[in-house]
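One structure below.
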Amino acid sequence: MGFSSFAPSGLHLTCDVLVLGGGPAGTWAAFEAARTGARVVLADKGFCGTSGATAPSGTSIWYVEPDPKLRAAAIVSREALGGFLADRAWSARVLETTHAALHELGARGYPFPVDGAGNPIRVSLQGPEYMRLMRKLAKGAGVRILDHSPALELLVDEAGAVAGARGIRRQQGDGWQVDAGAVVIATGGCAFLSRALGCAALTGDGHLMAAEAGADFSGMEFSNAYAIAADFASVTKTLFFKWATFTDEAGEVIPGAASNGGRSVIARHLQKGRVFARLDRADAAMQANMRAAQPNFFLPFDRMGIDPFTDRFPITLHLEGTVRGTGGLRIVDETCATRVPGLYAAGDAATRELICGGFTGGGSHNAAWAVSSGRWAGRAAAEFGRRAPNGRVRRGAGTAGLRDAGARPFDPAEAARTVVGEVHPFDRNYFRTEEGLTRSLDRLDSQWARLTASAPADGTNVLRAREAAAMTAVARWMYRSGLARTESRGMHRRIDHAAADPAQRHLLTAAGLTEVSVSHRPAPPLAADAAEQRSSEGIAA
């Protein structure tokens, strides 16, 4: 099979560790790897420090002081929501690593606010300041950063180990290839081109590349996160709607509508007509805190002359897919390794089931996971990469959009629209049924067959072609896993199986591209107090 016209002429580098993605997880991974003495290259689809879901806004972070009771309570607090699939040992590791990392951030110059007693408040981070500092730390440690340089495919050696990647340099108009001892996938999740803030670049590219090299996935059925936003804005800060009253077109309060535990009510009303909100439950002090914490949330309102605390405004739900879901690349050990030698995963690209089970990681847990998994993956990749043999023969592992398999290339825009049409509608993704999932899978499977039977994309379209292929692949893993879980658990809701099934307290592994298979494996052992809680609340586990 031939290679497309973007073929790697241009920059050719060699290093110990290549990190793909320049968000929190990627920069932490690169920083950690570099300060062990490894030679590190980081390639970002956009400009490292400004791309991704964290950079344009603020995020809370799962930070808990090392008090055993506080930490135990924090870990247990989400077990029921997540369907009792999380692992307490992983949660404890994340809390410990995140605590240390945030103290280091403060020591290195992050401007944490202070309370009345002068103590730093470390439970949230402002994206611009956070990511600016992370870029500075990575560069200071010796990381070479390739901005505006999306990866298109991984390179593998004769034994199947990952040995680098190649992609394009959008501003120079040529290609890049990095021969690496190990690779960290930190490309974020897949939001399927929704209008969610900062998610335009998150199209599952890393998932596709990893699968082409042989990696598999876990928790992909928990990937139907929808966030509340004003319908004229892309800022998705669902937490603020905790203080909202939701009304219909006529101004009548919608019973049961809420940010937590009532989002499905909002979705059902949006299927019939418009829904409005007013943040009228926030008192003056809370209003001031909200404006100080998330000033970007209020910019669209201010521009339109709307006071969200006193005026009604129309809302919608933006799909955030695997970004706020918990599905992603399966982690096989404490180093954040995947099942492919030399390939590690961090941040939203990796499954967050380990700490969240089947319920959204939101900003808090996901932000802590990005820090911790980035640090672990960076260190492990550095150790693996330094041991990698020299002189390996490398080949590209990419498929759809890259290899010559037909007479004509496919239309990336049309392929992307097909995926969006299958995953955005509430009646297909939010409210799942066997019939709906099966119909969507038939169309997505057919599209995947067409994409892989097409000619390679040219240099102008190759990135969009890979994005469309990635979204198609991610949607197939999501829906095949959703079809296999014949119950409702965590954020996975089946209309035709409305209750949790005690026999299905297990984890699902999705694998494959041409044919997608789903198998199950045991969930972490259930702690005695969790079993008691489950019993007292009548929750199946």
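The values are calculated or read from the model by the stated rules, or taken from the named source; none is laboratory data. Every value quoted in this text rests on a predicted model; they were computed, and no experiment measured them. When we count neighbours, we look across all protein chains shown, and the Cβ atoms used for this are built from the backbone with ideal geometry, even at glycine. What goes into the accessible areas is simple: the full protein's heavy atoms, side chains included, and nothing from ligands, DNA or RNA. Shrake-Rupley method; radii C 1.70, N 1.55, O 1.52, S 1.80 Å.
Over the range 26-102, give the accessible area per residue in Å² for a 1.4 Å probe, as an integer.
About 34 Å² of surface per residue is accessible.
Quick one: Kirkwood hydrodynamic radius for the range 139-212, alpha-carbon pairs, angstrom, one decimal?
By the Kirkwood definition, the hydrodynamic radius is 13.7 Å.
Give, in nm to one decimal, the length gained when the segment between GLU252 and LEU299 is fully stretched (0.36 nm per residue of separation minus the Cα-Cα distance).
14.2 nm
The range 302-381: which GluC sites (Glu not before Pro) are DSSP loop and have at most 15 other beta-carbon atoms within 10 angstrom?
GLU334
Stokes-Einstein at 25 °C, 0.890 mPa s, Kirkwood radius from Cα pairs: D for the chain in µm² s⁻¹?
The calculation lands on 104 µm²/s.
State, as an integer percentage, the relative contact order of the range 367-517 based on alpha-carbon contacts under 8 Å between residues 6 or more apart.
That works out to 26 percent.
Once you have a ≥ b ≥ c as the square roots of the Cα gyration tensor eigenvalues for the range 368-428, tell me rounded if a/c is under 1.5, and otherwise prolate or oblate according to whether a/b is larger than b/c.
Here the range 368-428 falls in the oblate category.
Excluding same-chain residues fewer than 8 positions from LYS272, which lysines have a Cα within less than 25 Å of its Cα?
Within the straight-line cut-off, LYS272 pairs with LYS237, LYS242.
With a point put 7 Å past each Cα toward its Cβ, work out how far GLU104 is from VAL332 in nm, to one decimal.
Spacing of the two 7 Å Cα→Cβ label points: 2.6 nm.
Determine the gain in length on full extension of the stretch ASP307-LYS136; use 0.36 nm per residue of separation and subtract their C-alpha separation, reporting nm with one decimal.
57.8 nm
Could you give the accessible area per residue of the range 394-541, probe 1.4 Å, as a whole number in Å²?
43
Ignoring ligands, DNA and RNA, what percent of the accessible area of the range 141-188 is carbon or sulfur (1.4 Å)?
38
Hey, what number do you get for the chain at 222 nm if only DSSP H runs of n ≥ 4 count, each worth -39500 (n - 2.57), divided across all residues, to the nearest 500?
About -11000 deg cm²/dmol.
If you stretched the chain out fully between THR438 and MET286, how much longer would it get, using 0.36 nm times the residue separation minus the C-alpha to C-alpha distance?
50.2 nm
Taking R0 as 22 Å, what FRET efficiency do you get between HIS12 and ALA159 from their Cβ-Cβ distance, rounded to the nearest 0.05?
0.50
Modelling each spin label as a point 7 Å along the Cα-to-Cβ direction, I'd like the GLU414/ALA453 distance in nm, to one decimal.
The answer from the label model is 1.4 nm.
Calculate what fraction, in whole %, of the accessible area of the range 40-96 sits on carbon and sulfur atoms when a 1.4 Å probe is rolled over the protein chains.
63
Give me P(r) over the range 383-541, computed from all C-alpha to C-alpha distances, binned every 5 Å, as integer percentages.
2, 8, 14, 15, 13, 12, 11, 9, 7, 5, 2, 1, 0
Could you size up the charge dipole of the chain around its Cα centre, putting +1 on the beta carbon of Lys and Arg and -1 on that of Asp and Glu, and report it in debye to the nearest 20?
Charge dipole, the chain, about its Cα centre: 720 debye, nearest 20.
Would you list which aspartates and glutamates come within 17 Å of LYS136, measuring only between C-alpha atoms, while excluding same-chain residues fewer than 8 positions from it?
Those aspartates and glutamates meeting the cut-off are GLU32, ASP44, GLU104, ASP147.
How many percent of the accessible area of the range 323-412 is carbon or sulfur, using a 1.4 Å probe?
With neighbouring chains kept in place, the figure for the range 323-412 is 48 percent.
To the nearest 0.05, how large is the calculated FRET efficiency for VAL114 and ARG195 if R₀ is 25 Å and r is the Cβ-Cβ distance?
The value I calculate is 0.10.
Once R0 is set to 30 Å, what does the formula 1/(1 + (r/R0)^6) return for the Cβ-Cβ distance between ASP501 and LYS242, expressed as a FRET efficiency to the nearest 0.05?
0.45
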